[in-house]
Amino acid sequence: MDSSREPILAHMLEAAENASPVEAVEAVTRELGAALGARSVTFLIADLSGRALVRLAHVPLAGAGEGRRDGQEVATVTPFDGGPAEQALRTQTVQAVARSDGWSVLAPVTDRGEAIGLLEMFLPDEPAPRALAEIARTAHVLAFVVIANRRYTDLFEWGQRTTPFTLSGEIQRRLLPGSFTCEASGFTLSGWLEPAASIGGDTFDYSVARDVLHFSVTDAMGHGVTSALTATLGVGSLRNSRRRGAGLVEQAVAANIEVADHATVRGSYLTAVLGRLDLRTGVCTLLNAGHVPPMLVRDGDTRTLSSPANFPLGMFPEADYRAGEVTLEPGDRMVVVTDGMRERNAAGLDLPAILRSIAGLHPREAVRALADAVLEVSGGALADDATLFILDWHGGHDEGRRTSAGADQARASSGLPD
């Protein structure tokens, strides 16, 4: 199959480019199915809840069947049940399952550890190992097709939304990074936001430079649209000054003034943890503006990272800001949460114990396990947003990654969270 790989990929990319953005994925899967002799090939996108897959289809209204509909578009949600589909997505391994009428192959559609969805293929005969490897590589190409084309259409975003968003939820969604997970040679990170019914203004953000990783977690006061607008001011200011090359203290000073000057409700503010990790040395500069202190998991122990105390951003326009430092060691895990992980029923969570129990999980799975834990103790409804950001430090910034089909297999989770 390797000898035909180049023509297959070339035909896939040509089909994607020739199709409209809403039809690009279908065009690619048709090419793939024809090349591999598959009976059918389907793309399932990961639901925004992180707990289901969504099958998108374009059918006449009369035959739409079950699922959410928008004109002739149908989105059918398949909740995770611990079966092959969930295993494939969470462990980032291809699953081949025998059926009465052939074989089902499920391949992760992933880029840099971000689990975008699954490629589902039905084959008449058992696939050989080389065929499975080719399917995995092709699924990786499909990830780029999805990433490129979802910029032009709401179809994929619509499909991923199990429940409608409020206006404040829509604003908050736009403040989050385009990918919640990022794998690199020196680090792996993942963030997650579990929203309250009334949006609480939480955000997380990151940006990778050549030798530096920037990250932030913020929590705006209040709920609803007012909170989302305060978060917009804070995140917008932090991104603007970061992109001008400003340091953490300069970013905090600028955001403090901007929020104080422009917030729609006088006295609005947001708490924040701002980070700057030197990827050559592991030295992480941290600035805490009235936020829940970050935690460090090292050699099975969890401790709180202390840093100079600062006022929240926007509280006092004339406030000064100071930053501290911690040197990370290979194997360290830094965890930043918002106070939604501590309030009301969630306050009963033993975070250090939970962090120890999920130490072996990939950050992508660890943030979801933490989100599930806080939802469980809160009865499924949060009083405030719960946001999580996990950063694993591996060291070896200049070394190449060991990847397979868009994921770092050496650091992938060995199974599902307990």
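The values are calculated or read from the model by the stated rules, or taken from the named source; none is laboratory data. This is a predicted model, so every value here is computed, not measured. When we count neighbours, we look across all protein chains shown, and the Cβ atoms used for this are built from the backbone with ideal geometry, even at glycine. Surface accessibility is based on the protein's heavy atoms, side chains included, excluding ligands, DNA and RNA. Shrake-Rupley method; radii C 1.70, N 1.55, O 1.52, S 1.80 Å.
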Heavy atoms of D101: accessible area, 1.4 Å probe, square angstrom to 10: 70 Å²
Nitroxide proxy distance, nm - points 7 Å out along Cα→Cβ at T153 and A383: 4.4 nm
Along the Cα→Cβ direction, 7 angstrom out, place labels at V265 and R68. What is the inter-label distance in nm? 2.8 nm
Skip the ligands, DNA and RNA, and give the accessible area per residue of the chain with a 1.4 Å probe, whole Å². 44 Å²
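If you add up the charges near L167, with Lys and Arg at +1 and Asp and Glu at -1, over every other residue whose beta carbon is less than 15 angstrom from its beta carbon, what do you get?
Details: positive: R161, R173, R174; negative: E170.
For residues surrounding L167, the net value is +2.
For E126 and S306, compute 0.36 nm times the residue count separating them, minus their Cα-Cα distance, and round to one decimal in nm.
Numbers: separation 180, 0.36 × 180 = 64.80 nm, distance 5.58 nm.
The span from E126 to S306 would gain 59.2 nm if fully extended.
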For L53, what residues show an amide H to amide H distance below 5 Å, using hydrogens built from the backbone and excluding near sequence neighbours? D47, T78, F80
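With a Förster radius of 56 Å, plug the Cβ-Cβ distance of S100 and D278 into 1/(1 + (r/R0)^6) and report the FRET value to the nearest 0.05. Don't jump to the answer; show the numbers that get you there.
Details: r = 56 Å, r/R0 = 1.01.
After rounding to 0.05, the efficiency reads 0.50.
Label segment 199-281 by shape, choosing from rounded, prolate and oblate, from the square roots a ≥ b ≥ c of the eigenvalues of the Cα gyration tensor; if a/c is under 1.5 it is rounded, and otherwise prolate applies when a/b is larger than b/c, oblate when it is not.
Working: a/c = 2.80, a/b = 1.89, b/c = 1.48.
Prolate, because a/c is 1.5 or more and a/b exceeds b/c.
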Rounded to the nearest Å, what's the spacing between the alpha carbon centres of segment 155-208 and segment 275-306? Just the number, please. 22 Å
Positive-pole candidate from V105, T78, T91, dipole of segment 78-133, charges at beta carbon: T91
Using a 1.4 Å probe, how large is the accessible area of I171, given in Å² and rounded to the nearest 10? 40 Å²
Among (i) 40, 27, 18; (ii) 32, 26, 20; (iii) 38, 24, 20, the value of semi-axes √(5λ) of the Cα gyration tensor in Å computed for this structure carries the label (iii)
Here the FRET efficiency for L9 versus V208, based on Cβ atoms and R0 = 25 Å and rounded to 0.05, is 0.40
Considering only protein heavy atoms, what is the solvent-accessible area of M221 at a probe of 1.4 Å, reported in Å² to the nearest 10? 70 Å²
So what is the calculated 222 nm ellipticity per residue for the chain, using -39500 (n - 2.57) for each DSSP H run with n of 4 or more, over all residues, to the nearest 500 deg cm²/dmol? -9500 deg cm²/dmol
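For segment 276-373, just say rounded, prolate or oblate: build the C-alpha gyration tensor, square-root its eigenvalues into a ≥ b ≥ c, call rounded for a/c under 1.5, and beyond that prolate if a/b exceeds b/c, oblate if not. Working shown, then result.
Values: a/c = 2.38, a/b = 1.24, b/c = 1.91.
The shape class here is oblate.
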Can you give me the angle between helix 5-18 and the longest principal axis of the chain, using Cα atoms only, in degrees from 0 to 90, rounded to the nearest 10? 70 degrees
In nanometres, the difference between 0.36 nm per residue of separation and the alpha-carbon distance of A34 and I257 is 74.4 nm
For the chain, which whole-number percentage of the solvent-accessible area (1.4 Å probe, protein heavy atoms only) is attributable to carbon and sulfur atoms? 50 percent
